[in-house]
Every structure is written in structure tokens, then in C-alpha cells.
Amino acid sequence: MSDKSGSSNGIFMGSISPSRSLCSFKSPFMIGVAGGTASGKSSVCERIMKDLGQSEKKNAHRQVAHISQDSFYRELTPQEIVSAEKGMFNFDHPDAFDIPLMESCLHDIHEGRPTKIPVYDFKTNARVPDEFTTVYAADVVLFEGILTFYYPKVRDFFDMKLFVDTDADTRLARRVFRDIQQRGRNLTTCFTSILPW
């Protein structure tokens, strides 16, 4: 399975919850995808969506939904905003996420109800005001993020758990490239945000 750079050196490991099966479970089959930053989680999910013919479909018609934990970064305080602009806020820490909202959205999805997912802007380190992505009932839900399995209530939603394991040097190179190209960071803030943690 290819990653964004076109290489295929990620290792994918997974397990299925023994108490649930695809045949008997009527709620969406929920798959958690975890791994280090820039390990290729999004690429794995995008490849699954593409191979199942879901990428080109509109949200309301998809049988497989893909949600990123990045959408659930919480709003920062004024002091944290200043730190984030200097690359000194740890976005990889569990406290960086809006956990109640994450749990609430996953619960709605698990119950087959449409839910609104915030749209997060990495260039401003804030949610886009009044903008959401609506996730409708689906047969399968992919939820990916660096801390997908950290929170017990979130972890318990998943029927299958996948971990994307990629070499640390490869992840570092990808993260710097991604943060500069896609998130409007410069080289200094990239390394400032990575090295202390």
C-alpha cells in the first residue's frame, strides 16, 4: 500500500474485536487507524476509500466514511495561540483535542445519526467559523489520528484497530515537508515544534 510519497515502507497491523462481527453488527463497522505523526495514516484511509470506489462519491452517498482526528483540535487560549505561532504548542499532546466533542460525534455515528464535524485550519490553528463536514450513516467508518487509541471511550468504539508503523526518520522528513507545503509553517517553526517533545 503506497504512502503519499509513493513509497511502501509502512507496516500495517490490526485486530478485530472478538465480540463483534461484520454479519451480526448492525451499527457501522468502525475502524480506528493510529500511528505516529506523518506515518501514512491518511494515505492508508484514502487508499481504502479509493479501492472501494468511495472517493468520488458525495458524503451523503458514501458507504464508507473517513474522519480525521485532526478535525477535533480544540480552540486555543490567547496565550496558547501565541505559543502556537512560535511553534511552541504541542499539538501531539492528548490535551490538544476536544475530547467531549470527539466522543459525542463518534457516538452519533455509531448510532447511525448524521453528525457535523468541525473544519480545522492548520494555518490559523483554529476551527473555520460556521463551517462543518456532515458525516452521514455509513456501513464502515474509518477514524484516523495519532491518538486514536489513547482515549478509552474513543478506543471502545472501534471494531477493528490498525496501527501504521513507519520509520522515525521517514516520518520526520514527511512531517517537515507537509507542514511547510500544506500548513504554512516555515523550517524554524517546524523544528521548534518537533524537537522539544
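The values are calculated or read from the model by the stated rules, or taken from the named source; none is laboratory data. Just so it is clear, the structure is predicted and the values come from calculations on it, not from any experiment. Here the Cβ is made from the backbone with ideal geometry for all residues, glycine too, and neighbour counts use every protein chain on show.
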(request) May I ask you to list the residues in the stretch 121-155 that are surrounded by fewer than 17 Cβ atoms within 10 Å (Cβ to Cβ), in contact with an Asp or Glu (Cβ under 7 Å, 6 or more places away or on another chain) and of a type outside the set (D, E, K, R)? (result) Ala126, Val128
(request) May I ask you to list pairs of residues, at least six apart or on different chains, whose Cβ atoms are under 6 Å apart, with the first in the stretch 73-97 being within 20 Å of Val119 (Cβ to Cβ) and in contact (Cβ under 8 Å) with a residue 40 or more places away in the chain and the second being surrounded by 15 or more Cβ atoms within 10 Å (Cβ to Cβ) and acidic (Asp, Glu)? (result) Phe89/Glu80
(message) Being crowded, with 17+ Cβ neighbours inside 10 Å, at pLDDT 70 or above and of a type in the set (Ser, Thr, Tyr) is the requirement here; does Thr189 meet it?
(response) no
(request) Mind listing just one residue for me: the one in the stretch 57-94 that is among the polar types (S, T, N, Q) and assigned to a helix (DSSP H, G or I) and, of those, surrounded by the fewest Cβ atoms within 10 Å (Cβ to Cβ)? (result) Gln79
(message) Where the second residue is exposed (fewer than 13 other Cβ atoms within 10 Å of the Cβ) and of a type in the set (Ser, Thr, Tyr) and the first is within 27 Å of Tyr151 (Cα to Cα) and at pLDDT below 95 and lies in the stretch 57-71, which pairs have Cβ atoms under 8 Å and are six or more apart or on separate chains?
(response) Asn59/Thr134
(request) Determine which member of the set Ser42, Ser104 is at pLDDT 95 or above, closer than 20 Å to Val154 by Cβ and of a type in the set (Gly, Ala, Ser). (result) Ser104
(message) Given the condition acidic (Asp, Glu), modelled with pLDDT under 85 and either part of a helix (DSSP H, G or I) or closer than 19 Å to Phe72 by Cβ (or both), answer yes or no: does some residue in the stretch 114-133 qualify?
(response) no
